[in-house]
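Accompanying notes for the structure given below.
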Amino acid sequence: MANKVTNIGYEIEEKVANLLKKDGNKILARNYKSKYGEIDIVYREKASKTIVFVEVKYRKNSDYGKPYEFVNKKKFERIMKTVHIFLMENKLSHNIAMRFDVISVLSNGEIKHFKSVNDYDLY
C-alpha cells in the first residue's frame, strides 16, 4: 500500500511542478529533505523572482477535510526549519523575497494554490 500512496504523491507533485513550470517559474528543488522535514517544491517565481517553498497536499476526497487543512502549525514549524537549512546550503540570504505556499489537490482535479501562508492561518 505504501508504494501506491508514494506513487500517487509523486504523480501529484509532478503535476503541480509541471503547472508551475508552465507558468514560467523555475523549479529549484524537489523533495528537499533535512533532519526536520521535507519541502515538496522550491521554485523561483517568474514575475517577482520570489523564492517559494511549497507544501503539496492531496486527498482522494474532502469527506474528512480539504487537503490544505492537514498542514498544521507543527508541520509549518518543521518546514520553516528546513527552509533555513535550504537557504544556508544554497548560500541564499534570509533577506531575499520568499514565501510559503500550500497547494491543495483533490482527485477530482480541483487544485487550489494558497499563497503566503503563515502560522496564523493554520490549525
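Taken together, the values in this text are just the output of simple stated rules run on the coordinates, not laboratory data. These figures come from a predicted structure and were not determined experimentally. Positions of Cβ are generated from backbone atoms using ideal geometry, with glycine treated the same way; all protein chains shown enter the neighbour counts.
What the table below lists for this structure:
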| quantity | calculated |
| --- | --- |
| Cα long-axis angle, helix 2-22 against the chain (0 to 90 degrees, to the nearest 10) | 50 degrees |
| Quarter of Cα convex hull surface for the chain, i.e. mean projection, nm² | 7.9 nm² |
| Within the chain, percent of DSSP bridges classed antiparallel, to nearest 5 | 60 percent |
| Under 11 Å, Cβ to Cβ, from Lys22 - net charge with Lys/Arg +1 and Asp/Glu -1 | +2 |
| Förster radius 22 Å - calculated FRET efficiency between Leu106 and Asn72 (Cβ-Cβ, nearest 0.05) | 0.70 |
| Segment 2-121, dipole about Cα centre (Lys/Arg Cβ +1, Asp/Glu Cβ -1), debye to the nearest 20 | 240 debye |
| Packing-based exposure ordering (other Cβ within 10 Å, fewest first) of Thr50, Thr82 | Thr50, Thr82 |
| Residue order, fewest to most surrounding Cβ atoms within 10 angstrom, among Ile12, Ile27 | Ile27, Ile12 |
| Listed residue pairs exceeding 26 Å between alpha carbons, taken from Lys46/Lys66; Lys22/Lys73; Lys22/Lys75; Lys35/Lys91; Lys22/Lys74 | Lys46/Lys66; Lys22/Lys73; Lys22/Lys75; Lys22/Lys74 |
| Loop-located trypsin sites (Lys or Arg not before Pro) in segment 75-116, at most 14 other Cβ atoms within 10 Å (DSSP) | Lys91, Lys115 |
| Selection of trypsin sites (Lys or Arg not before Pro), segment 1-71, meeting DSSP coil and at most 11 other Cβ within 10 Å | Lys35, Lys49, Lys60 |
| Phi to ³J(HN,Hα) by Karplus 6.51 cos²θ - 1.76 cosθ + 1.60 over segment 35-48, Hz, x for Gly, Pro | 5, 8, x, 9, 10, 5, 9, 10, 9, 9, 5, 4, 5, 9 |
| The chain: relative contact order as a whole-number percent, Cα under 8 Å and 6+ apart | 23 percent |
| Helix-only CD estimate at 222 nm, as mean residue ellipticity for the chain, using -39500 (n - 2.57) per DSSP H run (n ≥ 4) | -10500 deg cm²/dmol |
| Among Val71, Asn61, His94 - extreme Cα towards positive end, dipole of the chain, charges at beta-carbon | His94 |
